1. If a residue counts only when it is at pLDDT 95 or above and surrounded by fewer than 20 Cβ atoms within 10 Å (Cβ to Cβ), which strands (runs of 3 or more DSSP E) contained entirely in segment 79-133 have at least 1 such residues?
2. With segment 379-496 as the region, which strands (runs of 3 or more DSSP E) entirely inside it contain at least 3 residues that are among the small types (Gly, Ala, Ser)?
3. If I go through segment 259-287 residue by residue, how many of them are away from the ligand (no atom under 11 Å from the Cβ) and in a helix (DSSP H, G or I)?
4. Could you figure out which of (1) surrounded by 16 or more Cβ atoms within 10 Å (Cβ to Cβ); (2) at pLDDT 95 or above isn't true of residue 188?
5. Restricting segment 426-444 to residues that are out of contact with any helix residue (DSSP H, G or I) (no Cβ under 7 Å at 6 or more places or on another chain) and without any contact (Cβ under 8 Å) to a residue 60 or more places away in the chain, which is surrounded by the fewest Cβ atoms within 10 Å (Cβ to Cβ)?
6. crowded, with 18+ Cβ neighbours inside 10 Å, at pLDDT 95 or above and more than 21 Å from residue 298 (Cβ to Cβ): does that describe residue 174?
7. Can you work out which of the residues in segment 463-496 that are hydroxyl-bearing (Ser, Thr, Tyr) and closer than 28 Å to residue 137 by Cβ is modelled with the lowest pLDDT?
8. So is residue 474 more than 21 Å from the chain's Cα centre (by Cα), assigned by TED's automatic domain parsing to the domain that holds residue 414, free of Cβ contacts under 8 Å to residues at least 12 places away in the same chain and surrounded by fewer than 23 Cβ atoms within 10 Å (Cβ to Cβ) or not?
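The values are calculated or read from the model by the stated rules, or taken from the named source; none is laboratory data. Because the structure is a prediction, the values reported are computed rather than measured. Neighbour counts are summed over all protein chains in view; Cβ atoms, including those assigned to glycine, are modelled from backbone coordinates with ideal geometry.
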Amino acid sequence: MNIIPKPVKIIEKSGFYKLHETISVKRNEETENIIEVFGKELNIITDLKLETTEKDFDLQLVFDEDIPQLEGYQILVNNNGIRISSGKKAGLFYGLITFLQLIVNNEVPFCEIEDKPRFQWRGMHLDVSRHFFSIKFIKHFIDLLALHKLNVFHWHLTDDNGWRIEIKKYPQLTEVCGWRRNLEHIPWNERNNSNEKGNGIYGGFYTQEEIKDIVKYAAERYITVVPEIEMPGHTSEVFAAYPQFSCREKKLEVTAGGYWPNLDIFCAGNDKTFTFLENILSEIIQLFPSPYIHIGGDEAEKTRWKECPKCQKRIADEHLKDENELQSYFIKRISKFLFEKGKIPIGWDEIIQGGLAKDVVVMCWRGDGKDALENAISTGNKAILCPNPILYFDWKQVEDSQGTFGVTTLKQVYEYDPVHIGISKENEHLILGAQANVWTEWMTTNKDVEFMTFPRICALAEVAWCKKDNKNWLNFLSRLTKFKSILDKYNVNYYS
Ligand SMILES: [Zn+2]
């Protein structure tokens, strides 16, 4: 059977259950909203309609407390129709997603399926700062995440090239910091050397109402939206409106292209910087029910901190050894604020430098992620694996294709295993899961993002969902051929 990600156990039987123009679903108030969302996805893939009924139904969803796993489910297809059971709504939803893939020419093969995910964190990231993407596209992207049974959308909302989320207390973050010179016709890394004033303004942002809409849309598909607010580095866009929170207090313009190294960062010696960030995070906490808030922490150059009297005073006052420990002070102070509000901070693996705060989750991205993972679990911290380049989808799919840096093939993604050799069994529970990252310096359009993401996301789905011994590259390739016909229905511009 051509299902991605591959279920744990499938028993195929002879015979088919025939569907007609309308699939009748057993009426159940508790599952009405799942059926409604499923109906929308069904409309994209097939001409079939849904209706609810008391008797003579084709499909029924059943709560079964004997299936304890939150996202696990079972499917039984026989002469009586299709029965999907799970202990929880998320499992019923995943059962429906599998059912979608079972339908061929309005027939469903008789079978028994048992399934559950390997990892609790099955993530996909999207950078909307380097290039901005519409709410309509974000919803389409979330539809596709759900189709792959991914359950985390990591929304990279702020970076040097534009601030993308409305903050009521600081309106200039979007009025000023969300916009840059339009130099889209110039290659990314050459833009800042350009003398062109720019022929307009490039940018955009999401209002808080739009953010709420996306969070709700994702939740209906059992996807948690994890927002990322970068700090202390990758924040130069903020200083276009609020230079007082940088070390030099110098007003900058929002950079239109590559900003490297990350020199201008938040001043760690100024208490008002922390008040500013805490006020921002207070609004973020209200908008996102996610238990996790991502606070960046990557690639912060320490040059300005070395020159800044306020930062140096902080190092002396707090008896810190150096600027790495100052970064640690920064992250720990913000983490404390988030923990007090009931949220768990996540940071890129540079947050390990200078000492890691207790219970912060580390996103391991540098190298193969192994060093960062070992460091994180040595102090009992949890980790998510998103190694560069294997799960960095801005890398090319083949040498002569679109993209940047080197090549990460579909096969490399598929064969990646988040549990590294050498991690002891008792520490495996500290690995929350895996995630792929889409940095959009070189992706200007929706179609670019799709081209770089697909079909590597299909391989990621199996990395995050399937046990190692249930994966097989050639078998995956054969299933992918069929799966691409589903991607075609979503009008996805996948690499092939
Ligand atoms: Zn400073």
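1. Details: elements: 81-86, 107-115, 121-127.
Counting at least 1 such residues, we get 81-86, 107-115.
2. 431-436
3. Total meeting the criteria: 16.
4. Condition (2) is where residue 188 drops out.
5. Across segment 426-444, the extreme among qualifying residues is 426.
6. yes
7. Applying the first criterion (hydroxyl-bearing (Ser, Thr, Tyr)) to segment 463-496 yields 478, 481, 485, 490, 494-496.
Keeping just the survivors that are closer than 28 Å to residue 137 by Cβ gives 481, 485, 490, 494-496.
Values: 481: 95, 485: 95, 490: 97, 494: 97, 495: 96, 496: 91.
Among residues in segment 463-496 that are hydroxyl-bearing (Ser, Thr, Tyr) and closer than 28 Å to residue 137 by Cβ, the one modelled with the lowest pLDDT is 496.
8. When the stated conditions are applied, residue 474 passes them.
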